[in-house]
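Inspection log for the structure reproduced underneath, given as structure tokens.
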Amino acid sequence: METTKFLLDEKALPESWYNLVPDLPFGLDPPLNPATREPVGPEALAPIFPEEIIRQEVTGEPRVLIPEEVREIYSLWRPTPLFRARRLEKHLDTPAHIYYKYEGVSPTGSHKPNTAVPQAYYNREEGVRRLATETGAGQWGSSLAFACGVMGLDCTVYMVRVSYDQKPYRRIMMQTYGAEVHASPTDLTQAGRHTLDEHPDSPGSLGIAISEAVEDAVKNDDAKYSLGSVLNHVLLHQTVIGQEALRQMEMAGEYPDVVVGCVGGGSNFAGISFPFIGENLKNGRNTRILAVEPASCPTLTRGRYVYDFGDIAGTTPLMKMYTLGHSFVPAGIHAGGLRYHGDSPVVSALAHEGLIEARAYAQNETFEAGVLFAQTEGIIPAPEVAHAIKATIDLALEVRESGEEKVILFNLCGHGHFDLGAYEQYLAGNLVDLEHSEEEIERAVAGIGS
């Protein structure tokens, strides 16, 4: 029997996180004070983050040690398995070898606990009693709720309204872990009230929810803010994924020609790709790196590479990134974790410098890919990762046409067990693509900075 699963022993769990930034052949543009347009230092983050998280955000160290207590909690699900998708390969009749790293085995069913646990740990160590955050589809919110539970912290989650309504079981999961969950925009914050005054039926967005969570943290002395994507410390924590995958690909006797990840803010993509990008930069590897996003929120493929706010209220420092404008509210697609107006500054810089590529797909074609994957490999994927699956299938079909033998690796960052309502709509033929028109995208991009 041919090997399908490549499993690492718990002793192989990484001892440190990998920081790509020191290996980049270019410098990153610093965050700016929006009033003065001058670079801001780490002190600007002090009102919302603990000291150690700020240190990791700006560190130039190539490796950051993982605390032993964090590694012990990681061991509940890490190392995660690497699978060879042999049945999908056979169905596609492709010479491509397809592998996927499966992060859906975590307690909350996604990759998000990889950063939620250390963030809760560092906050607890510095005396914080409560964390406030935002969530889209709920993978991040449920992960932080889980992490706060094991660390003895309270947790408040502002969940994007459209996802709050679409995914009630994610909300129940957060509440089961002990979190307080609000549909954003709310009337609890100034940012939420302002949005509701202008748009009473607002579906919400991650930009709005971030504004509410940051405002909550700043106004309450017992609380700090916790972010599930975009910033450097979050991407750093996720690199346990790619570090494990490097060893597992070695076990399989192969090395990926292409690494694929879906992109909203950038955490899952960074987790699988940054260690392989590091191999390209340090050891002369030539792996192609592909970021995949929704056509309804095409930041990397249609956005502008400029300074912008990370939230709708303009409370964050200005960050250099690909963006559709911080006031852009994406259509209410089911891949809620990808509905963000901008991207990680590091991921954006990689795209701008040509070290990664990007593609965008519409909602229905990604669900078609997700259903095919479920029917061949048995795992129902989250709508977010269905974007990466669609791209992987397209790559495998391109290989079939060319006759080349290529190795493709993607990150299956979460299962879709809480997204069956969306699959029900797709299977009934009632799922709408909900794409923005060309004019809407152009108008949003043209309005950046105005």
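Bear in mind that the values in this text are calculations on the coordinates, not laboratory data. Please read all numbers here as calculations on a predicted model, not as lab measurements. Cβ coordinates were reconstructed from backbone atoms using ideal geometry, including for glycine residues, and neighbour counts include every protein chain displayed.
Placing a pseudo-label 7 Å from each Cα along the Cα-to-Cβ vector at Leu427 and Thr36 gives an inter-label distance of 5.9 nm.
Can you sort Trp77, Trp17, Trp140 so the residue with the fewest Cβ neighbours within 10 Å comes first?
Values: Trp77 16, Trp17 25, Trp140 34.
Final ranking by Cβ density, sparse to dense: Trp77, Trp17, Trp140.
Here the chain is treated with +1 on each Lys and Arg Cβ and -1 on each Asp and Glu Cβ, and its dipole about the Cα centre works out to around 600 debye. A Förster distance of 60 Å, applied to the separation of the beta-carbon atoms of Asp197 and Ser16, puts the FRET efficiency at 0.80. When you restrict to C-alpha pairs under 8 Å that are six or more residues apart and normalise by the size of region 36-194, the relative contact order lands at 15 percent. In region 1-136, inverting the average of 1/r over every pair of distinct C-alpha atoms gives 18.4 Å as the Kirkwood radius.
In this simple spin-label model, placing a label point 7 Å from the Cα along the Cα-to-Cβ direction at both Arg86 and Glu125 gives a separation of 4.3 nm. With contributions of -39500 (n - 2.57) from each DSSP H run of at least four residues, the per-residue ellipticity at 222 nm computed over the chain stands at -12500 deg cm²/dmol. Determine which residues of region 419-434 fall in the zone a paramagnetic label at Ala362 would reach in this model, i.e. backbone nitrogen under 11 Å from the point 7 Å along Cα→Cβ. Taking a point 7 Å out along Cα→Cβ of Ala362, the residues of region 419-434 whose backbone N falls under 11 Å are 432-434. Just tell me which lysines come within less than 22 Å, Cα to Cα, of Lys11; anything on the same chain fewer than 8 places away is out. Qualifying lysines at Cα under 22 Å: Lys101, Lys112. Extension gain for the segment Lys5 to Arg285, taken as residue separation times 0.36 nm less the Cα-Cα distance, is 98.3 nm to one decimal.
Dipole check for region 105-168: with +1 at the C-beta of Lys and Arg, -1 at the C-beta of Asp and Glu, and the Cα centre as origin, the magnitude is about 80 Debye.
Ordered by the count of other Cβ atoms within 10 Å of each Cβ, fewest first, Cys148, Cys262 give Cys148, Cys262. Rounded to the nearest whole Hz, the Karplus-based 3J(HN,Hα) values (6.51 cos²θ - 1.76 cosθ + 1.60, θ = phi - 60°) of region 157-167 follow the sequence 10, 9, 9, 3, 3, 5, 6, 4, 7, 6, 10, with x at glycine and proline. Toward the positive end of the charge dipole of the chain, with +1 on the Cβ of Lys and Arg and -1 on the Cβ of Asp and Glu, the farthest Cα among Thr4, Ile380, Val218 is that of Thr4. This structure gives Rg/Rh (Cα atoms, Kirkwood Rh), computed directly, and of (1) 0.94; (2) 0.99; (3) 0.97 that value is listed as (1).
Normalised by the number of residues in the chain, the average gap of Cα pairs under 8 Å and 6 or more apart makes the relative contact order 19 percent. A simple spin-label model places the labels of Ala46 and Thr176 4.2 nm from each other, with each point 7 Å out along Cα-to-Cβ. Between Asp23 and Leu397, full extension at 0.36 nm per residue minus the direct alpha carbon distance yields a gain of 131.3 nm. From least to most packed, judged by other beta carbons within 10 angstrom and beginning with the fewest, Tyr100, Tyr426, Tyr169, Tyr164 follow the order Tyr169, Tyr426, Tyr164, Tyr100. Projecting the Cα atoms of Ser106, Gly207, Pro79 onto the charge dipole of the chain, computed from C-beta unit charges around the Cα centre, puts Pro79 farthest toward the positive end. Each Lys and Arg Cβ is given +1 and each Asp and Glu Cβ -1; about its Cα centre, region 34-128 then shows a dipole of about 760 debye.
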